[in-house]
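The values are calculated or read from the model by the stated rules, or taken from the named source; none is laboratory data. The model shown is predicted, which means the values in this text are computed figures rather than measured ones. Because the Cβ atoms are built from the backbone with ideal geometry, glycine has one as well, and the counts that use them run over all protein chains shown. Note: areas computed on protein heavy atoms with side chains; ligands, DNA, RNA excluded. Shrake-Rupley method; radii C 1.70, N 1.55, O 1.52, S 1.80 Å.
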Amino acid sequence: MNRPSYVTDERLYRFIDAAIKEDIGDGDHSTLASVSSGLQRRARLLVKHDCILAGIDLAQEIFHYYDKDLKIEVLKNDGDRVTEGDVAFIVSGSARSILTMERLVLNCMQRMSGIATYTHEMVE
């Protein structure tokens, strides 16, 4: 992950840990109740709006922090101009892990991509 020197592993993992605690607390009960523990699946991050993509590296960190066995195939990179319908990445592995982390990943990427897109527009 290419990041500024002030974003240490400790700070990054503290952020991820706090976000997980806030989002799922003592467990993602919907997923635990409705998805079998051994179920393996693939999910695609589908771009919903034209934008400058940001947060791919962070998404990988979040998924791997929660479940080191998840596999992520990156198709688009941070800073890429993407259009509606593009697939940014494919994550595969435990369906429970993917579902439990998808909201945190999407929230971070939407915020970061919004900032990157707005910044790009202002520079233009």
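Six or more apart or on different chains, Cβ atoms under 6 Å: show the pairs whose first residue is in the stretch 34-45 and of a type in the set (G, A, S) and whose second is at pLDDT 95 or above and open to solvent by less than 80 Å² (accessible area, probe 1.4 Å).
A43/V91; A43/I98
Write out, first by first residue and then by second, each pair whose Cβ atoms fall under 6 Å of each other, whose residues are 6+ apart or on separate chains, and whose first residue, in the stretch 94-118, is under 23 Å from R41 (Cα atoms) while the second is assigned to a strand (DSSP E or B) and open to solvent by 20 Å² or more (accessible area, probe 1.4 Å).
That search, which allows pairs on different chains as well, returns A95/R41; I98/A43.
Could you give me the residue pairs with C-beta distances under 9 Å whose first residue belongs to the stretch 3-25 and is farther than 17 Å from R103 by Cα, whose second residue is assigned to a loop (DSSP other than H, G, I, E, B) and open to solvent by less than 80 Å² (accessible area, probe 1.4 Å) wherever it lies, and which are 6+ apart or on separate chains?
These pairs meet every condition: L12/R3.
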